[in-house]
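Where a number appears in this text, it was derived from the coordinates with a stated rule and is not lab data. All of these numbers come straight from a predicted model, not from anything done at the bench. A quick note on method: Cβ atoms are made from the backbone with ideal geometry, for glycine too, and the neighbour counts reach across all protein chains shown.
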Amino acid sequence: MTEEPVIIEVPLPGPELSPNARVHWSSRWRAAKSLEEWVIVGARQGHTATIDPAVVSYHVRWCGHPPDEDNFVASMKAGLDALVHENVLVDDGPDHVKRIDVSYERVAKRKDTCVRITVSPCE
């Protein structure tokens, strides 16, 4: 029996979570906690079993300037940690997360922006 993928939709991470952001630590902490809460709520709605090993995919719906892939993955670290906290993933290390994919879709309005996180079994 194969595990079903876990799909979670969250708002785009704030600019405070970018590794290039020069912000006070408390601003970064608040933004990370907000992202974690979104991921935890989504994981609790669609989570059934721990997926190991896994592929994590981020489908980014954005408008305006496109996010840089490396910085985007780094800004989603709090979300990845929340997946481990909710036992969707065993750990976020390379032994358990075999690949992280990022895809983009341009949308016309800011209200349509989001990140769809898909955690699926590694084949």
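Among all the aspartates and glutamates, which ones have a C-alpha under 16 Å from LYS77's C-alpha, if same-chain residues fewer than 8 places away are not counted?
Leaving aside aspartates and glutamates fewer than 8 places away in the same chain, those within reach of LYS77 are GLU9, GLU16, GLU36, GLU37, ASP68, GLU69, GLU86, ASP91, ASP92, ASP101.
Can you compute the helix-only [θ] at 222 nm over the chain? Use -39500 (n - 2.57) per DSSP H run of at least 4 residues, normalise by all residues, nearest 500 deg cm²/dmol.
-9500 deg cm²/dmol
Starting from 0.36 nm per residue, how many nanometres of slack lie between ALA21 and THR48 once their C-alpha separation is accounted for? It would help to have the intermediate numbers written out before the result.
Details: separation 27, 0.36 × 27 = 9.72 nm, distance 3.56 nm.
Full-extension gain reported as 6.2 nm.
Report the gain in length on full extension from ARG116 to VAL90: 0.36 nm times residue separation, minus Cα-Cα distance, nm rounded to one decimal.
Extending this stretch completely gives an extra 7.3 nm.
Within a 10 angstrom radius of the beta carbon, how do TYR58, TYR104 rank from fewest other beta carbons to most? Write out the running numbers ahead of the final one.
Values: TYR58 21, TYR104 13.
Starting with the residue having the fewest Cβ neighbours, the order is TYR104, TYR58.
Where does helix 25-46 land angle-wise versus the long Cα axis of the chain, in degrees 0 to 90, nearest 10?
Helix 25-46 sits at roughly 40 degrees to that axis.
Please report SER120, SER26, SER103 as a ranked list, fewest other C-beta atoms within 10 angstrom at the top and most at the bottom.
Details: SER120 17, SER26 9, SER103 12.
Listing SER120, SER26, SER103 from fewest to most nearby Cβ atoms yields SER26, SER103, SER120.
Quick check on the exposure proxy: order THR118, THR48 from fewest to most C-beta atoms within 10 angstrom. Display every interim value, and only then the final one.
Numbers: THR118 17, THR48 9.
Ranked by crowding around the Cβ, least crowded first: THR48, THR118.
Give the relative contact order (percent, whole number) for the chain; include only Cα pairs under 8 Å separated by 6+ residues. Before the final figure, lay out the partial values.
Working: 220 pairs, mean separation 53.2, N = 123.
43 percent.
Could you estimate the translational diffusion coefficient of the range 84-123 from the Stokes-Einstein equation, with Rh from the Kirkwood formula over C-alpha pairs, at 37 °C and 0.692 mPa s, in whole µm²/s?
Translational D for this selection: 261 µm²/s.
Between TRP29 and GLU4, what FRET efficiency comes out of the Förster formula 1/(1 + (r/R0)^6) with R0 = 35 Å and r the beta carbon distance, rounded to 0.05?
It comes out at approximately 0.60.
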